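Notes for the one structure printed next.
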Amino acid sequence: MASIYEEIVASLDELTGGPHEGLRAVHARGSVCKGTFRASPEAAGLSRAAHLAGDEVPVTARLSNGSGNPHLPDGDRLDGRGLAVKWHLGGDESTDSVTVSIPLFFVNTPEGFLEFTRARVPDPETGMPNPEKLGEYLGNHPETGAALPAILPALGPPVSYATLAYNSLHAFALVDADGERRWARFTWEPEAGVERLPEDEIESAADDYLQTELADRIAAGPVRFAYVATLAGEGDTLEDPTLPWPEDRERVELGTLELTELLPAERAGDVYVFDPTNLVDGIELSDDKILNARTHAYSVSIDRRLAAG
Ligand code: HEM
């Protein structure tokens, strides 16, 4: 019998006309860069993690569209975008952050993810999702309906991958040198500011404008993001990525990501792998069911990518 993770990847294939050989089951199209990260002096006070100590750390990052359909234009109005970062800590050691441009997630369990993906698969006759199936899903999952008003406005195409903020959505514990834990959600804030493509430029934008724009931008100078931790307050959920935290929570800038060079396009079989559960001492997972499911679903897609090589 297929595992739920295999079922999830199969449902993503159905949604996006896949499987698309050698590509990720979601976030199929993207650009890989290299650069550095330097932590702020405040970061080491919150966590003893090696990448937050303050030395310059080499990174690989991938900016991507959310869809598993590699033919969807970059300007799609209903796609989220992603930023995955890998800090190279020497030897085989690394740690990852894998974030998206929406402020909340639309489901809070892997079962919910599977049901929602299946409910969105287009009806072969109309080419559109079946409104009855979607309605039934939303009736059974009020958490999705509650999160959508925050998510939908964040989906418009950006001017650039460099003009979006990207969120961890999940909470992670920052553990300091004395073993003190502070729970946080993370955001990559763009130095260039958040900027969407004007409505009258969306239709005429080139299919791959986000990839070419990023190449031009990096050729002209570094693309920077600030890494910001929002610290949890009393009663904030540590497990449910569909729920917001209050706006007034303390925010601490942990450091700056600087992307300086575009790497050649990935080919089938390339093994850039980013996993939000790849952590180091000083950062810990929460019990968020989505966070803990991700590594298993990613493995199904990664194994497939490796097999295609
Ligand atoms: C149960 C929920 C989720 C499932 C089943 C899922 C599934 C997947 C899969 C199968 C991949 C492709 C992995 C690969 O081939 O390397 C992927 C990539 C990705 N996911 Fe998720 N995901 C989930 C939740 C999330 C969340 C909550 C975020 C952000 C907070 C996220 C952000 C991303 C990004 C940015 C990538 C692309 C990483 C890269 O560039 O290599 N996903 N996801």
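The values are calculated or read from the model by the stated rules, or taken from the named source; none is laboratory data. Everything numeric here is computed off the predicted structure, so don't read it as measured data. Here Cβ is always computed from backbone atoms with ideal geometry, including for glycine, and neighbour counts include all displayed protein chains. Keep in mind that these areas ignore ligands, DNA and RNA; they rest on the heavy atoms of the full protein, side chains included. Shrake-Rupley method; radii C 1.70, N 1.55, O 1.52, S 1.80 Å.
Brief remarks follow.
- Among 210-218, 43-51, the peptide with the highest mean count of other Cβ atoms within 10 Å heads the list, and the full ranking is 43-51, 210-218.
- Within the accessible area of region 55-132, the carbon and sulfur atoms contribute 54%, probe 1.4 Å, all protein chains present.
- Cross-link partners of LYS289 among aspartates and glutamates (Cα-Cα below 13 Å; sequence separation of 8 or more within a chain): GLU111, GLU239, ASP240
- Computed from phi, the 3J(HN,Hα) profile of region 201-211 under the Karplus parametrisation 6.51, -1.76, 1.60 (θ = phi - 60°) reads 10, 5, 4, 8, 5, 4, 3, 10, 4, 5, 6 Hz, with x in place of Gly and Pro.
- Each Lys or Arg adds one and each Asp or Glu subtracts one; over the other residues with Cβ under 13 Å from the Cβ of ARG224, this totals -2.
- Amide H contacts of LEU197 (H built 1.01 Å from N, under 5 Å, at least 5 apart or other chain): VAL159
- Lys, Arg +1 and Asp, Glu -1 on Cβ, resulting dipole of the chain about Cα centre, debye, nearest 20: 420 debye
- Straight Cα distances below 16 angstrom link LYS34 to the lysines LYS86, with same-chain residues fewer than 8 positions distant left out.
- Taking every C-alpha pair closer than 8 Å and separated by at least 6 residues, the mean separation divided by the residue count of the chain gives a relative contact order of 25 percent.
- For GLU191, distant residues with modelled amide H under 5 Å away: ARG224, PHE225, ALA226
- In this Cβ point-charge picture (+1 for Lys and Arg, -1 for Asp and Glu), region 223-267 has a dipole of about 280 debye about its Cα centre.
- Candidate cross-link partners of LYS133 among the aspartates and glutamates, defined by an alpha-carbon separation under 14 Å and a same-chain spacing of 8 or more, comprise GLU115, ASP123.
- Rounded to whole Hz, the Karplus (6.51, -1.76, 1.60) HN-Hα couplings of region 271-279, x for glycine and proline: 10, 6, 10, 10, 9, x, 9, 7, 10
- Stretched out straight at 0.36 nm per residue, the stretch from TYR272 to ALA150 would grow longer than its current Cα-Cα span by 40.8 nm.
- For region 141-152, Karplus couplings with θ = phi - 60° (6.51, -1.76, 1.60), whole Hz, Gly/Pro x: 10, x, 5, 5, x, 6, 7, 4, x, 7, 7, 4
- GLY68 long-range amide H proximity, modeled H, under 5 Å: HIS27, ALA28
- By a 1.4 Å probe calculation restricted to protein chains, TRP183 has an accessible surface near 70 Å², given to the nearest 10.
- Per residue, in Å², the accessible surface of the chain once ligands and nucleic acids are set aside, probe 1.4 Å: 47 Å²
- Whether region 204-309 is rounded, prolate or oblate, judged on the alpha carbon gyration tensor where a/c under 1.5 counts as rounded: oblate
- When nucleic acids and ligands are ignored and a 1.4 Å probe is applied, ASP178 ends up with an accessible area of around 140 Å².
- Shape call, region 105-247: gyration tensor on alpha carbons, a/c limit 1.5: oblate
- Solvent-accessible surface ranking, highest first, for ARG62, ARG38, ARG120 at 1.4 angstrom: ARG38, ARG120, ARG62
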